[in-house]
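A quick write-up on the structure given underneath.
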Amino acid sequence: MNEILVGNVDLSFWVTVLLACLLGAMSPGPSLAVVINHTLARGPMAGSWAAISHGFAITLYAAITTFGLSAVISNHQQIFDIIQIIGCLFLLLMAFRLLSSSGQAREESLPATALSSNILAIRDGLAIALFNPKILVFFTALFSQFVRVDSSVGEKVSLALIAGGVDMLWYLVVVVVISRYGSINRFQYASGWINRLFGLILAFIAVGFIVDITQIW
């Protein structure tokens, strides 16, 4: 079967990147709470600004990660090999948490509506991404499976843009859902089984990474 290339890279590579970034964005956490808070407090415009600024910050994080990993590969291959293995284990842990997530919404888990404005939404969207160390860990774990010694600058930039773009679009979808239906409970009830489905997919992706690494060794 002939491979479909996008640039110099197989299309399946980009599909896997896109899916993995989507699963990471959909994992519940403080970023989701920030976007929902601003949407409830001031409406979809504020929520959208929070989503856009969060996606911009994710793009910066992803770019720093991809270019940093390239430097590690060039100078310290053994360290990079260790990063790859740890990255796979982290992705498996993330998959396990998604699989074991509760399907029931709990009142105490809902975010409290806060004061909001478009400026505050932009600030909070940036801050919750830039000052969350788990995001850097996630991208190091994820992109260590994709960045190669011969990765071009265009590929690295594309990885960063995909990560930020997927993140931004996902949270914009959240804003639309919350605004249109006005029900966080519905969203959280649905997110329970969705999380488990995506946890299963992420587990398969992580296992595939492990198989690829062991074949190289």
Of the numbered conditions (1) farther than 19 Å from Q145 by Cβ; (2) at pLDDT 85 or above; (3) not acidic (D, E), A62 fails exactly one; give the number of that condition.
(1)
Working only within the range 100-120, note down all residues that are modelled with pLDDT of 75 or more and more than 15 Å from G47 (Cα to Cα).
S100
Look at W49 and say whether it is modelled with pLDDT of 75 or more and touching a strand residue (DSSP E or B) at 6+ places or on another chain (Cβ under 8 Å).
no
Of (1) modelled with pLDDT under 80; (2) assigned to a helix (DSSP H, G or I), V173 satisfies every one except (1)
Residue set I73, I52; condition under 18 Å from F139 (Cα atoms) and more than 12 Å from the chain's Cα centre (by Cα); output residue I73
Criterion (modelled with pLDDT of 85 or more, basic (K, R) and part of a helix (DSSP H, G or I)) met by exactly one of R97, R123
R123
Note on L22: of the conditions (1) part of a helix (DSSP H, G or I); (2) surrounded by 16 or more Cβ atoms within 10 Å (Cβ to Cβ); (3) modelled with pLDDT under 85, unmet is (3)
Any idea which residue in the range 193-217 is modelled with the highest pLDDT, counting only those that are among the aromatic types (F, W, Y) and surrounded by 13 or more Cβ atoms within 10 Å (Cβ to Cβ)?
F209
Only one of these is small (G, A, S), within 23 Å of P133 (Cβ to Cβ) and free of Cβ contacts under 8 Å to residues at least 40 places away in the same chain: A51, A63, A71. Name it.
A71
Has the range 154-166 got at least one residue that is at pLDDT 75 or above, surrounded by fewer than 13 Cβ atoms within 10 Å (Cβ to Cβ) and farther than 28 Å from P44 by Cβ?
yes
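The values are calculated or read from the model by the stated rules, or taken from the named source; none is laboratory data. None of the values given here were measured: they were computed from a predicted structure. Heads up, the Cβs are rebuilt from the backbone with ideal geometry, glycines too, and the neighbour counts pull from every protein chain shown.
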